[in-house]
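Undergrad: Got a structure here, written out as structure tokens. Questions coming.
The values are calculated or read from the model by the stated rules, or taken from the named source; none is laboratory data. Owing to the predicted nature of the structure, the values given are computational and were not obtained by experimental measurement. Note: ideal-geometry Cβ built from the backbone for every residue, glycine included; neighbour counts use all protein chains shown.
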Amino acid sequence: EAQVTQNPRYLITVTGKKLTVTCSQNMNHEYMSWYRQDPGLGLRQIYYSMNVEVTDKGDVPEGYKVSRKEKRNFPLILESPSPNQTSLYFCASSLGPQGTEAFFGQGTRLTVV
Amino acid sequence: GESVGLHLPTLSVQEGDNSIINCAYSNSASDYFIWYKQESGKGPQFIIDIRSNMDKRQGQRVTVLLNKTVKHLSLQIAATQPGDSAVYFCAEKWRTALIFGKGTTLSVSS
């Protein structure tokens, strides 16, 4: 089954404690991206990757890092989380930025206290 | 900056009615548009897409209309069912990014 898998689904952490949210896709897609979803603001892109070792900033990259060492995995790293990063995060993959629809993961609800 | 927006944050319809969800976009250079459905507790799910060289595209019970003159996108759902209750987002492809609207919540009552 084609899918994008994120882990964990829920996470509560404290300010400043580094964390990683993993994302994996089994569709051999080249393009992957991370979004955060906040009430009233909709979905905003954090980072994207067009292929292995190729990443770039989206609209709201501050406070986040990503890596793309393998095609299937695209982890999101928060080196020093802050309360304003409390949000619902989604990973997505697609054949290409100009290609067909993006497949989204189930989401990771992060709370930073 | 460029943005994609929706006209109404909520829409309530009766089961069996046709629903129309609207979206206004501001980036005239965007050439690809998508509608997503997001159910509670789930990630967005692709519904239908349309390229800028088309005015209309139909799927199963859904139709997307694109009016480039007024930069307007709409999603029509025929014979709306309770299972259609969700938040609907339009999105445009702008360079390498998907820019999403804020969403319309569709509520379907029996």
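Undergrad: Evaluate the following for A:Val112: is it at pLDDT 95 or above, loosely packed, with under 13 Cβ neighbours inside 10 Å and of a type outside the set (S, T, N, Q)?
TA: Considered against the rule, which asks whether it is at pLDDT 95 or above, loosely packed, with under 13 Cβ neighbours inside 10 Å and of a type outside the set (S, T, N, Q), A:Val112 comes out as no.
Undergrad: Search the range B:23-41 for residues being in contact with a strand residue (DSSP E or B) (Cβ under 7 Å, 6 or more places away or on another chain) and over 14 Å from B:Glu92 (Cβ atoms), and hand back the single one that is surrounded by the fewest Cβ atoms within 10 Å (Cβ to Cβ).
TA: Across the range B:23-41, the extreme among qualifying residues is B:Glu39.
Undergrad: Restricting to the range B:81-110, and then to whatever is within 10 Å of chain A (Cβ to nearest Cβ) and β-branched (Val, Ile, Thr), can you tell me which residue is nearest to A:Leu95 (Cα to Cα)?
TA: Within the range B:81-110, the match that is nearest to A:Leu95 (Cα to Cα) is B:Thr96.
Undergrad: Does any residue of the range B:42-56 turn out to be more than 8 Å from chain A (Cβ to nearest Cβ), of a type in the set (Phe, Trp, Tyr) and surrounded by 15 or more Cβ atoms within 10 Å (Cβ to Cβ)?
TA: No, the range B:42-56 contains no residue that is more than 8 Å from chain A (Cβ to nearest Cβ), of a type in the set (Phe, Trp, Tyr) and surrounded by 15 or more Cβ atoms within 10 Å (Cβ to Cβ).
Undergrad: Now for a different question. Has the range A:69-85 got any residue that is within 8 Å of another protein chain (Cβ to nearest Cβ), of a type in the set (Asp, Glu) and in a loop (DSSP other than H, G, I, E, B)?
TA: Looking through the range A:69-85, none of the residues is within 8 Å of another protein chain (Cβ to nearest Cβ), of a type in the set (Asp, Glu) and in a loop (DSSP other than H, G, I, E, B).
Undergrad: So is A:Gln106 in contact with a Gly (Cβ under 9 Å, 6 or more places away or on another chain) and surrounded by fewer than 18 Cβ atoms within 10 Å (Cβ to Cβ) or not?
TA: In short, yes.
Undergrad: Need at least 2 residues that are more than 23 Å from A:Pro39 (Cα to Cα) per element, so show me which strands (runs of 3 or more DSSP E) inside the range B:21-110 make the cut, counting only ones lying wholly within it.
TA: In the range B:21-110, the matching strands (runs of 3 or more DSSP E) lie at B:45-51, B:56-58, B:62-67, B:72-77.
Undergrad: Of all residues in the range B:81-105, how many are surrounded by 21 or more Cβ atoms within 10 Å (Cβ to Cβ) and farther than 13 Å from B:Ile47 by Cα?
TA: The qualifying residues number 8.
Undergrad: Do you know which residues across the range A:58-75 are basic (Lys, Arg) and over 12 Å from the mean Cα position of the chain (by Cα)?
TA: Within the range A:58-75, A:Lys69, A:Lys71, A:Arg72 qualify.
Undergrad: When residues of the range A:15-57 are filtered for being under 12 Å from the mean Cα position of the chain (by Cα), among the small types (Gly, Ala, Ser) and at pLDDT 95 or above, how many remain?
TA: The total comes to 1.
Undergrad: Given the structure, is B:Leu73 at negative phi, among the hydrophobic types (A, V, I, L, M, F, W, C), away from chain A (no Cβ under 14 Å) and surrounded by fewer than 22 Cβ atoms within 10 Å (Cβ to Cβ)?
TA: no
Undergrad: What is the number of the single condition among (1) assigned to a loop (DSSP other than H, G, I, E, B); (2) surrounded by 16 or more Cβ atoms within 10 Å (Cβ to Cβ); (3) within 10 Å of chain B (Cβ to nearest Cβ); (4) not basic (Lys, Arg) that A:Pro61 does not meet?
TA: (3)
Undergrad: Considering the range A:1-50 alone, what residues qualify as being surrounded by 14 or more Cβ atoms within 10 Å (Cβ to Cβ), closer than 24 Å to B:Glu92 by Cβ and at the interface with chain B (Cβ under 9 Å from one of its Cβ atoms)?
TA: A:Val4, A:Tyr31, A:Ser33, A:Tyr35, A:Gln37, A:Gly42, A:Leu43, A:Arg44, A:Gln45, A:Tyr48, A:Met50
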